[in-house]
Amino acid sequence: MGWQRNLSIGNFTGAFKKSKWLLSDNAGLCRGFSAMAKPELPGFDYQPKPYKGPLADEVLQKRKKYLGPSLFYYYQKPLNIVEGKMQYLYDESGRRYLDAFAGIVTVSCGHCHPDILDAITEQNNLLQHATTIYLHHAIADFAEALASKMPGNLKVVFFVNSGTEANELAMLMARLYSGNLGMIALRNAYHGGSSNTIGLTALNTWKYPIPQGEIHHVLNPNPYRGVFGSDARCYAEDVQDHIDHGTSGKVAGFIAETIQGVGGAVELAPGYLKLVYDMVHKAGGVCIADEVQTGFGRTGSHYWGFETQGVIPDIVTMAKVRGTNLNVSYTYS
C-alpha cells in the first residue's frame, strides 16, 4: 500500500529504528523488529466473482477517448474496481480493499447490502418509473419519513437528483421568497458545479471564469486556522459588514456547510451560525444549511450538522447518503 511505502523511507523509519519500536498487525507495538510488518485486512466470508471484463489499461484508454477531461482520477495507475460487498471493494484481480471513501460519503449501508438489493428488486418487479402526475404511495411515505427527522417547521420536501440541484433550488427559493438577489456564502465552501452553484463555491480548483452573479464570500470561521481563531462574533461581524457595505442592506440568503467537506473537513467556530442567522433574517434573507456531506448522522454526535450549532435553518439541502448509491437529493423548507 502507498502508506507502507511512505512510512518505509526517510526520517520516519529512522526514528522507529532508533527507538526499536515498530508497528505490527498482531501486537500493536513490538520491539526489536527490523522491518515493518505488512498489515492484513480481517477475514471476510465472501468470494468475489471471477472478472472477465476489460482490464484497467483498456478501460483507461476508452475513458480518455470518450469521456470529458473533467473526470479526473487518482494514482498514476488507477484502480479498476469491478465489485463491491459491504465495506469492501474488489479490483480486477480480486484484491480486496477497505472502502473508507464510500463513494465520497455516499455508500451509507455498504456495497450491495442484501436488504437494499431486495427492496430494489421488489420494486423493479412491480413498477420502475411513473410520473408524479399519478399517485404512488412511495414518494409520499418517503417524504413523511424524512420530515419526521427534521426539527421545527421543516416539513416540506422537494426531491431532486443531486446535491448541486438541491442547492440550486434552495438559492432560487431564497431569491423568489425574499425578492432579493444577493447571496452570502463562506470562503473555502463547496456547494456544487452548476452555472449558479459554482458561484456559491469558493475553491479555485472547482471554479471556472464565468459570471457568478450577486454572491458575496465572507470570512471562513475556521476555529483552528482562521484569522480570528474560534471567536464567532468577529467572523459574524464580517457578514454584517458585507450586508452593510456590499449590498442594498437586503439579501436573498446565506448558505453554509455545517462542516466544510471538500474544503478539508473544517468545522465552524462555535456559535457562529446563530449569530449570522439573526443578521441574515434582519436583512430579509433566508438561511440555508448544506447538509450534503454532514447530514444523517455523519458527524457522529448529531443527526444533522446544524444541530451542533444550535440553530434551525429555513432551508436544508442534502444528498448522497440517503440514496445509498441512487440519485436522490432533497431540499427541505
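Bear in mind these aren't lab numbers, they're just calculated from the coordinates by the rules spelled out. What you see is a predicted model; the values in this text were computed from it and never measured. Quick reminder, even Gly has a Cβ in these numbers, built from the backbone with ideal geometry, and neighbours come from all protein chains shown.
Here are a few things to note about the model shown:
- Most to least packed among 69-77, 282-290, 147-155 [average Cβ atoms within 10 Å]: 282-290, 147-155, 69-77
- The angle between the Cα long axis of helix 56-66 and the longest principal axis of the Cα atoms of the chain comes to about 30 degrees, rounded to the nearest 10.
- Acute angle (nearest 10 degrees) that the helix 114-126 long axis makes with the longest principal axis of the chain, alpha-carbon atoms: 60 degrees
- Under 16 Å from residue 38, Cα to Cα: aspartates and glutamates that are on another chain or at least 8 residues apart: 25
- Prolate/oblate/rounded call for the chain, Cα gyration tensor, a/c under 1.5 rounded: oblate
- Residue (of 219, 201, 89) at the positive-pole extreme of the chain, dipole from beta-carbon charges: 89
- Proxy reagent accessibility, fewest Cβ within 10 Å first, across 79, 169, 186, 67: 67, 79, 169, 186
- Residue exposure sequence - 230, 248, 301 - by fewest surrounding Cβ within 10 Å: 301, 248, 230
- Legend: distances between Cα atoms for 52/85; 155/320; 207/274; 52/77; 155/274; 207/250; pairs beyond 23 Å are 207/274; 207/250.
- Fewest-first ordering of 291, 237 by other beta carbons within 10 Å of each residue's beta carbon gives 237, 291.
- Compared with the dominant Cα axis of the chain, that is its longest principal axis, helix 137-147 is turned about 80°.
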